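Asker: So that we are looking at the same thing, I have put the structure below in structure tokens.
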Amino acid sequence: PPMIREGLAERAITLTLDASVRHREGYRLEVTATGIRLAASREAGIFYGLETLRQLLAMAPDSVPALTIDDAPRFSWRGAHLDVARHFFPVAFVKRYIDFLARYKLNTFHWHLTDDQGWRIEIRRYPRLTEVGAWRKETIVGKNFDPYIGDSTPHGGFYTQDEIREVVAYAAERHITVVPEIEMPGHAKAAIAAYPELACTPGPFEVWTRWGVADDILCPHDATFAFLENVLTEVMELFPGPWIHVGGDEVPKTRWKASAVAQEIIRREGLADESELQSWFIRRIERFLSSQGRRLIGWDEILEGGIAPGAAVMSWRGTAGGIAAAREGHDVVMSPGSHLYFDHAQGPEQLEPLSIGGNTPLDRVYGFEPVPAELSPAEATHILGAQANLWTEYLATPDQVEFMLFPRLLALAEVVWSPASAREWESFIRRLPAQLALLDRLGVNYRVPHVEGLELDRLTLSDTAVIELQSLLPAGTIHYTFDGSAPTPAAPVADAPLRLPVRDSTVVVTAAVFLPDGRSSPVRSARFSRTTLRSAERIAPGRVRPGLAVTYHPATFPNARAVTGRRPAFRAVADSVARTGRERAETYGLRFSGLLRVPADGLYEFSLVSDDGSVLSIGGAVVVDNDGWHSETERFGMAALAAGLHRLEVTFVQGSGGASLRASVRRPGGAWEPLAGAWLAHLTAR
């Protein structure tokens, strides 16, 4: 490449295919005073070695140091996903996206091509898929679901088969496999709008203009399977890689429960219910793909009811699905919403650009470990790697996609390439400014990292709160305000710890990082207040038993708060704040109630992670509010508690598609611990 020739001047570059480099994607790079030698057993290794050299030159174009690097990736699946169904992106940007992956040695591009809101791939046998299914009449404005507000602007587009071949070839030149996703049996409303006979009901149907999960899904009759096999035949002609992604997630069973066709299949095949019918559906598609020499991969819902031995699972609802699949001998790609959903906000969502919600900051991405500790060494061999997903409900432009992608893609690249023992957060952030400078030269619209130190509202037991604001970028300057307004470059500079007088009132600190070129980070804000210790409850020791009382409520609730006071389907005792494992309904609520054992006076921090809503209260006061319908989201809170027992309640509401709930506590000066075991107690009946 020209930049390598210019940067190295007269030094010779020798590229060698060398069988002694055993890893198929590994390489050995040697830089000496006389030249550069790059060896690999395959072309992919040469490519990755050149990318490493490119990064070295970007940081020091005239003085690449003498060094020897023996390098190889930890995982074979190093992926990133792009949803083009919710918003369509032109071929030029898809290629730019692939360039991003190649630069950071990712080797899998997961292309989400079909969904309720659009069908983006030309299928010549079924022209209405793009004539009708590729276009929606408008798009919902923001999160205006009820009442619904649309933008009155048609949106759509699709890729011709020639364009698909062009993108696949472009990726292959960069040693990237493109994995197409054709959603089934749910998320198929665009296909049903084009061909209504695929549904279980007569319609009418239209390409969906809102986000979420639609009840209209593919009907499991023979005509549907003929359609899908014909579609997949054309898909396989365009995508030569081994994998075909079939979705399989978020499949409401409402239409199947009312369908004579679906019920007859359940009876004929001896299936227990509609969930087993979904597994039967996916297994039938897997047999077809296997007969064509391809492997099926789907979201972790395809595990429910059992899957074919050759199928692989992409675990998105946390890591539990991946763990279960690996234990059953299935290959797994880890892609949990908690760590690798790049459509989530990169800070508190109320302070970030509009997104689907959640909060997946840079450090959480970097801290992800794809191989769960629960797996044995043999089971761990089924973890192929990990992948970040970028859904585009709220991302309509390439600039918005880049903002959500970077710098989190840099963290993902190290997670899937480097050994866990070689990863260190402090090292990563030291190297981050140089990488962001490279993104500047490439014209990438990355997110400037936010101010550190304003992660949550804080309490103090003294008259003064002390806070130190920091930036990951040495060139950044932190400006702040105390009046709640967004800071500007004219606001005071936080170049030393701030001392906040909080005896008489709460102080709100709002801050942002400003770069020399005028760009700034998203604003961060937190409240600082003086408080007093909450007194412990007076409870006779003989009435206290381990664990929390938990009740299960199979129903649809508007929010987590609505669970309290409802009649339960069953009662139990739980040793932690987590799903019980006995839940069967698609939507339900849980209520945990009991006592929190506080070992010593102090300020305690609490974390609540859930998909969907949850609320944690102590003594009747809300400490962590994580309520609402959202993907996996973590929120924090503080409480000043005296030693002893305090009344604790956690409510949780589950919508279809999610599957996570966990709570943690941090004692003063300590590390985070699960809110479980000795922390929890409940009262016996009088």
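Asker: Has segment 586-599 got at least one residue that is open to solvent by 20 Å² or more (accessible area, probe 1.4 Å) and of a type in the set (A, V, I, L, M)? Let's see the steps before the verdict.
Answerer: In the first step, residues of segment 586-599 are kept if they are open to solvent by 20 Å² or more (accessible area, probe 1.4 Å); the result is 586-587, 591, 593, 597, 599.
Filter once more, keeping what is of a type in the set (A, V, I, L, M): none.
Taking every residue of segment 586-599 in turn, none turns out to be open to solvent by 20 Å² or more (accessible area, probe 1.4 Å) and of a type in the set (A, V, I, L, M).
Asker: Which of the residues that make up segment 616-672 are under 30 Å from GLY248 (Cα atoms), in a strand (DSSP E or B) and not basic (Lys, Arg)? It would help to see each step written out before you state the result.
Answerer: Going through segment 616-672, the residues under 30 Å from GLY248 (Cα atoms) turn out to be 626-635, 651-663.
Still in the running and in a strand (DSSP E or B): 626, 633-635, 651-654, 660-663.
Hits for segment 616-672 are ASN626, THR633, GLU634, THR651, PHE652, VAL653, GLN654, SER660, LEU661, ALA663.
Asker: Among the charged types (D, E, K, R) and open to solvent by less than 40 Å² (accessible area, probe 1.4 Å): which single residue out of ARG86, ARG54 fits that description?
Answerer: Details: ARG54 fails: open to solvent by less than 40 Å² (accessible area, probe 1.4 Å).
Unique residue meeting the criteria: ARG86.
Asker: I need a count of the residues in segment 466-475 that are open to solvent by 20 Å² or more (accessible area, probe 1.4 Å) and either under 25 Å from ALA639 (Cβ atoms) or touching a Pro at 6+ places or on another chain (Cβ under 8 Å) (or both).
Answerer: If we filter segment 466-475 for residues that are open to solvent by 20 Å² or more (accessible area, probe 1.4 Å), which is where we start, we get 466, 468, 470-472, 474-475.
Checking which are either under 25 Å from ALA639 (Cβ atoms) or touching a Pro at 6+ places or on another chain (Cβ under 8 Å) (or both) leaves us with 466, 468, 471-472, 474-475.
Summing the residues that are open to solvent by 20 Å² or more (accessible area, probe 1.4 Å) and either under 25 Å from ALA639 (Cβ atoms) or touching a Pro at 6+ places or on another chain (Cβ under 8 Å) (or both) in segment 466-475 gives 6.
Asker: Quick check on ALA486: is it open to solvent by 50 Å² or more (accessible area, probe 1.4 Å), hydrophobic (A, V, I, L, M, F, W, C) and either out of contact with any Asp or Glu (no Cβ under 9 Å at 6 or more places or on another chain) or at positive phi (or both)?
Answerer: On the way: open to solvent by 50 Å² or more (accessible area, probe 1.4 Å): yes; hydrophobic (A, V, I, L, M, F, W, C): yes; either out of contact with any Asp or Glu (no Cβ under 9 Å at 6 or more places or on another chain) or at positive phi (or both): yes.
When the stated conditions are applied, ALA486 passes them.
Asker: Suppose we filter segment 556-577 for residues that are open to solvent by 30 Å² or more (accessible area, probe 1.4 Å) and assigned to a loop (DSSP other than H, G, I, E, B); how many remain?
Answerer: Summing the residues that are open to solvent by 30 Å² or more (accessible area, probe 1.4 Å) and assigned to a loop (DSSP other than H, G, I, E, B) in segment 556-577 gives 10.
Asker: Tell me, please, whether a residue that is out of contact with any Lys or Arg (no Cβ under 9 Å at 6 or more places or on another chain) and surrounded by 13 or more Cβ atoms within 10 Å (Cβ to Cβ) can be found in segment 454-465. Before you say what the answer is, go through the steps one by one.
Answerer: At the first step, the residues of segment 454-465 found to be out of contact with any Lys or Arg (no Cβ under 9 Å at 6 or more places or on another chain) are none.
No - not one qualifying residue is present in segment 454-465.
Asker: Suppose the filter is open to solvent by 10 Å² or more (accessible area, probe 1.4 Å), touching a residue at least 40 places away in the same chain (Cβ under 8 Å), over 23 Å from the mean Cα position of the chain (by Cα) and closer than 22 Å to PRO497 by Cα; does LEU438 pass it? Let's see the steps before the verdict.
Answerer: Details: open to solvent by 10 Å² or more (accessible area, probe 1.4 Å): yes; touching a residue at least 40 places away in the same chain (Cβ under 8 Å): yes; over 23 Å from the mean Cα position of the chain (by Cα): yes; closer than 22 Å to PRO497 by Cα: no.
So LEU438 does not fit the description; no.
Asker: When both residues are 6+ apart or on different chains and their Cβ atoms are under 8 Å apart, which pairs have a first residue that lies in segment 272-284 and is of a type in the set (D, E, K, R), and a second that is assigned to a helix (DSSP H, G or I) and open to solvent by less than 60 Å² (accessible area, probe 1.4 Å)?
Answerer: Note: pairs meeting the criteria are ASP273/ILE266; GLU274/TRP256; GLU274/ALA262; GLU274/ILE266; GLU276/ILE266; ARG284/PHE225.
Asker: If you check every pair at least six apart or on different chains, which have Cβ atoms under 6 Å apart with a residue in segment 127-146 that is part of a helix (DSSP H, G or I) and open to solvent by less than 60 Å² (accessible area, probe 1.4 Å) first and a residue that is at pLDDT 95 or above and not basic (Lys, Arg) second?
Answerer: Note: pairs meeting the criteria are LEU129/TRP119; LEU129/ILE123; LEU129/ALA194; THR130/GLU122; THR130/PHE158.
Asker: Residues being in contact with a helix residue (DSSP H, G or I) (Cβ under 7 Å, 6 or more places away or on another chain) and farther than 30 Å from ASP71 by Cβ: count how many of those fall in segment 99-125.
Answerer: The number of residues fulfilling the criteria is 11.
Asker: If you don't mind, another one. Taking the criterion of being over 24 Å from TRP111 (Cβ atoms) and acidic (Asp, Glu), would at least one residue in segment 36-46 satisfy it? Let's see the steps before the verdict.
Answerer: Here is the first cut: in segment 36-46, the ones over 24 Å from TRP111 (Cβ atoms) are 36-42, 45-46.
The next check asks that each one be acidic (Asp, Glu); those that pass are none.
Among the residues of segment 36-46, not one is over 24 Å from TRP111 (Cβ atoms) and acidic (Asp, Glu), which makes the answer no.
Asker: Same structure, new question: For the subset of segment 400-427 comprising residues that are not aromatic (Phe, Trp, Tyr) and not in a helix (DSSP H, G or I), which member is most open to solvent (accessible area, probe 1.4 Å)? Step through it out loud before you land on a result.
Answerer: Here is the first cut: in segment 400-427, the residues not aromatic (Phe, Trp, Tyr) are 400-402, 404-405, 407-416, 418-424, 426-427.
Narrowing the set further to residues that are not in a helix (DSSP H, G or I) leaves 407, 418-419, 423-424.
Values: PRO407: 4, SER418: 25, PRO419: 69, ARG423: 41, GLU424: 89 Å².
Only one residue tops the list, namely GLU424.
Asker: Is there any pair with a first residue in segment 21-40 that is in a strand (DSSP E or B) and a second that is of a type in the set (Lys, Arg) whose Cβ atoms are under 7 Å apart and which are 6 or more apart or on different chains, and what are they?
Answerer: Close Cβ pairs satisfying both conditions: GLU30/ARG37; GLY35/ARG11; ILE36/ARG11; ALA39/ARG28.
Asker: Read through the list (1) touching a strand residue (DSSP E or B) at 6+ places or on another chain (Cβ under 7 Å); (2) open to solvent by less than 60 Å² (accessible area, probe 1.4 Å); (3) more than 13 Å from ARG527 (Cα to Cα), then give the number of the only condition that ALA496 fails.
Answerer: Condition not satisfied by ALA496: (1).
Asker: On to the next question. Tell me yes or no: at least one residue of segment 48-66 is more than 35 Å from the chain's Cα centre (by Cα) and either under 30 Å from GLU163 (Cβ atoms) or at pLDDT 95 or above (or both).
Answerer: Initial filter on segment 48-66 (more than 35 Å from the chain's Cα centre (by Cα)): 61-66.
From what is left, the residues that are either under 30 Å from GLU163 (Cβ atoms) or at pLDDT 95 or above (or both) are none.
Within segment 48-66, not a single residue is more than 35 Å from the chain's Cα centre (by Cα) and either under 30 Å from GLU163 (Cβ atoms) or at pLDDT 95 or above (or both).
Asker: Looking only at segment 192-201, decide whether some residue is surrounded by fewer than 22 Cβ atoms within 10 Å (Cβ to Cβ), part of a loop (DSSP other than H, G, I, E, B), among the hydroxyl-bearing types (Ser, Thr, Tyr) and over 23 Å from the mean Cα position of the chain (by Cα).
Answerer: The answer is yes; a qualifying residue exists.
Asker: I'd like to know if segment 526-545 contains one or more residues that are surrounded by 15 or more Cβ atoms within 10 Å (Cβ to Cβ), under 30 Å from ALA494 (Cα atoms) and among the charged types (D, E, K, R).
Answerer: Within segment 526-545, one or more residues are surrounded by 15 or more Cβ atoms within 10 Å (Cβ to Cβ), under 30 Å from ALA494 (Cα atoms) and among the charged types (D, E, K, R).
Asker: Can I ask one more? Looking only at segment 312-352, filter to residues that are assigned to a helix (DSSP H, G or I) and farther than 30 Å from LEU454 by Cβ; which one of those is most open to solvent (accessible area, probe 1.4 Å)? Working first, answer last.
Answerer: Within segment 312-352, the subset assigned to a helix (DSSP H, G or I) is 320-327, 337-340, 349-351.
So of that shortlist, the ones also farther than 30 Å from LEU454 by Cβ come out as 320-327.
Working: ALA320: 70, GLY321: 14, GLY322: 0, ILE323: 18, ALA324: 40, ALA325: 0, ALA326: 2, ARG327: 128 Å².
Taking the candidates together, the pick is ARG327.
The values are calculated or read from the model by the stated rules, or taken from the named source; none is laboratory data. Only a predicted model underlies this, so the values are computations on that prediction, with no experimental measurement involved. Reconstructed Cβ throughout: ideal geometry from the backbone, glycine too, with neighbour counts over all protein chains shown. When the accessible area is computed, the model is the full protein with side chains, heavy atoms only, and any ligands, DNA or RNA have been set aside. Shrake-Rupley method; radii C 1.70, N 1.55, O 1.52, S 1.80 Å.
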